[in-house]
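Student: One structure, as structure tokens, below. Some questions next.
Just so it is clear, none of the values below were taken in a lab; they were calculated from the coordinates. If you're wondering where the values come from, they're calculated on a predicted model, not measured in any experiment. With ideal geometry, Cβ positions are generated from the backbone for all residues, glycine too; neighbour counts draw on all protein chains shown.
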Amino acid sequence: MRAADAAAGAALAPDRLVHLAGTAVALEAQRLLGSCYGRRVAALAGPGLNGTDGRIAAAWLAARGARVDVIEWDHAPEELVGYDLVIDAAFGLGCSRPYHAPTTSPATKVLAVDLPSGVDADTGAVLGSPIRATTTLALGAYKPAHFIGPASNLTGELRLAALGIVTTYENGLVDDDDLVTFLRGEPDDHKWTHALQAFVGSTLMPGAAELVLRGALAGGASMIRLVSRGDVAASVELPPEVVHASESAVDPRSRCVVAGPGLGAGAVDWLREVMTGLSGPLVLDADGLDRAFIDERSPRDGSWVITPHDGEFARLVGHAPGANRFEEVRALARATGCVVLLKGPVTIIARPTGELRVVNSGTASLATAGTGDVLAGLIGATVARGHDPFDAAALGAHLHGRAGARLAPYAHASQVVAQISAIIAALGRGEVSTGSAPARRATPR
């Protein structure tokens, strides 16, 4: 972002770029206020470009009837009282020292310009005591602090004003518009075109198999062959479309394999025996997440997807994810040669080459048993439909999150499957929108 800012400043007249940013802030403020006339607004202005953005927004709002006070950051009172909106434009991308913001009343909306003032943009560390934003308007591009570290809990609703500043990038946030690429198929497809094989479930945990299979069917798998540890069909009602295979080997006609959920103790030794002949993509989750097995079998070409939550991540690397979750996920992807999807309040996906995708569509409704099994099946089906494993993990995680968001405040995993099917049906009708923006997120289990 810093490099893009410098390039944009050289390409455009500096006043032009600042005017664009300030106007974007003003329009976002108007959206939050509904009507400008007679509304009381405080613009907390700092010494840099963020402060200039706030001043331009203040003038724009005042010209439309708002009663606006521009307050310099170093002369601010301890409390801002009586305002409908506070524009936090004290410090943004360049903040590197503690900043203690004035407090506001609970009824006051707060619009943070680029970032809440008083956070480290690169790490999400809190410097001082920022104001918790109702909405944060990111300028140019999102920053790490919007998604990782304690600062990510201060941003409120995230919005973006791209302003044409960033023109090339390798990392990105997955959003609803990306789902238009989800559906794939050709007129001459047949049942083996998008086939999937699942090595999941056991006599003690048959439900995991059912959830993986239903997630895969919802995601568009055209044929599923199930290999399990024991007769799971005796305990749960498997989808009638699933073939319960008697042989224990990888079917070469499968476009993707999903393995791990519900296998129980000794899962990895069992997988070593039965998963012979594997040469294509694999989604490895839950009981299959064993570092020795991954290092021994992974082709290290990004065709495997491993999907740990924090506890499983610690089992794989020897420690829980640190403060910089972006770099932790990148490091594991490089070390294993796999696409790594780290579940969490914000889900992070990395290629072995370092590219990142971020998914923030999930809600606390996904913090229930079995939702991770559904996600594994959905990602496997997305790979089987022809998506690159990295893209499949990102698209599947976003779709899964949106399905959970429809069921807030909480949902059972089987309900998530139904919502995935509903969203995919809407995509088939040409409807991109999948629901309202998410609140705080939680980890699929």
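Student: Projected onto the charge dipole of the range 2-169 (+1 at Lys/Arg Cβ, -1 at Asp/Glu Cβ, origin at the Cα centre), which of Gly34, Leu61, Pro77 gives the Cα projection farthest towards the positive end?
Tutor: Gly34
Student: Can you give me the P(r) profile for the range 362-403? Cα pairs, bins 10 angstrom wide beginning at 0, each as a whole percent.
Tutor: With 10 Å bins starting at 0, P(r) equals 33, 52, 15, 0.
Student: Given the range 270-330 reduced to its alpha-carbon atoms as identical point scatterers, what log10 I(q)/I(0) does the Debye formula return at q = 0.12, 0.14, 0.24, 0.28 Å⁻¹?
Tutor: -0.32, -0.43, -1.11, -1.36
Student: Can you list the equivalent-ellipsoid semi-axes of the range 2-169, largest first and in whole Å, using the square root of 5 times each Cα gyration tensor eigenvalue? Mind showing how you got there, number by number?
Tutor: Values: eigenvalues 102, 75, 38 Å².
Computed over the range 2-169, the values are 23, 19, 14 Å.
Student: Pick out, in residue order, every one of the GluC sites (Glu not before Pro) in the range 60-115 that is DSSP loop and has at most 10 other C-beta atoms within 10 Å; say none if there are none.
Tutor: Working: sites: Glu72, Glu78, Glu79; in loops: Glu78.
Sparse-neighbourhood loop GluC sites (Glu not before Pro): Glu78.
Student: Here is a further query. In debye, nearest 20: dipole of the range 2-169 around its Cα centre with unit charges on the Cβ of K, R (+) and D, E (-)?
Tutor: Details: 13 positive and 15 negative charges, 84 e Å.
Using Cβ point charges on Lys, Arg, Asp and Glu, the range 2-169 gives about 400 debye.
Student: Any idea what log10 I(q)/I(0) is at q = 0.18, 0.25, 0.31 Å⁻¹ for the range 378-426, Debye with uniform C-alpha scatterers and no solvent?
Tutor: Results for the range 378-426 at q = 0.18, 0.25, 0.31 Å⁻¹ read -0.53, -0.89, -1.11.
Student: What are the extents of the Cα atoms of the range 149-251 along their three principal axes, in Å, largest first?
Tutor: Reported extents, whole Å, longest axis first: 57, 42, 22.
Student: Also: If you filter the range 203-244 for GluC sites (Glu not before Pro), then keep DSSP loop positions with at most 16 other Cβ within 10 Å, what is left? List each step's numbers first, then the result.
Tutor: Numbers: sites: Glu210, Glu237, Glu241; in loops: Glu237, Glu241.
Counting only loop positions with at most 16 other Cβ atoms within 10 Å, the GluC sites (Glu not before Pro) in the range 203-244 are Glu237, Glu241.
Student: Can you list which of the chymotrypsin sites (Phe, Trp or Tyr not before Pro) found in the range 309-400 are DSSP loop residues with at most 16 other C-beta atoms within 10 Å?
Tutor: Working: sites: Phe313, Phe326, Phe390; in loops: none.
Sites meeting the loop and neighbour criteria: none at all.
Student: Next question, about the same structure. Order by neighbour count: Arg132, Arg39, fewest other Cβ atoms within 10 Å first, most last. It would help to have the intermediate numbers written out before the result.
Tutor: Details: Arg132 14, Arg39 20.
Placing the least packed residue first, the sequence is Arg132, Arg39.
Student: Please state the charge dipole magnitude for the range 1-77, taken about the Cα centre, from unit charges on C-beta atoms (+1 on K and R, -1 on D and E), reported in debye and rounded to the nearest 20.
Tutor: 320
Student: Let me ask something additional. Which semi-axis lengths, in whole Å and largest first, follow from the square roots of five times the eigenvalues of the Cα gyration tensor of the range 177-428? Mind showing how you got there, number by number?
Tutor: Details: eigenvalues 107, 95, 67 Å².
Equivalent ellipsoid semi-axes, largest first: 23, 22, 18 Å.
Student: Report the normalised scattering of the range 223-309 as log10 I(q)/I(0) at q = 0.20, 0.26 Å⁻¹, calculated by the Debye formula with identical scatterers on the alpha carbons.
Tutor: Rounded to two decimals, the profile gives -1.01, -1.60.
Student: Could you tell me what a quarter of the Cα convex hull surface of the chain works out to, in nm² with one decimal place? Kindly include the intermediate steps, with their values, before the conclusion.
Tutor: On the way: hull surface 89.5 nm².
With the hull built on Cα positions only, its mean projection is 22.4 nm².
Student: While we're looking at this one, here's another question. Using a/c under 1.5 as the rounded threshold, could you call the range 301-374 rounded, prolate or oblate? The axes a ≥ b ≥ c are square roots of the C-alpha gyration tensor eigenvalues, and prolate needs a/b larger than b/c, oblate otherwise.
Tutor: Numbers: a/c = 1.59, a/b = 1.48, b/c = 1.07.
Prolate, since a/c reaches 1.5 and a/b exceeds b/c.
Student: Continuing with the same structure: If you plug each phi of the range 215-220 into the Karplus form 6.51 cos²θ - 1.76 cosθ + 1.60 with θ = phi - 60°, what whole-Hz ³J(HN,Hα) values come out, in order, with x for Gly and Pro?
Tutor: Per residue, the Karplus-derived 3J(HN,Hα) values read x, 5, 5, 4, x, x Hz.
Student: State to the nearest 20 debye the size of the charge dipole of the range 177-428 about its Cα centre, where the only charges are +1 on K and R beta carbons and -1 on D and E beta carbons. Write out the running numbers ahead of the final one.
Tutor: Details: 21 positive and 27 negative charges, 66 e Å.
That gives the range 177-428 a dipole magnitude of about 320 debye.
Student: Between the range 85-115 and the range 361-394, what is the separation of their alpha carbon centroids in Å?
Tutor: Distance between centres, Cα-based: 36 Å.
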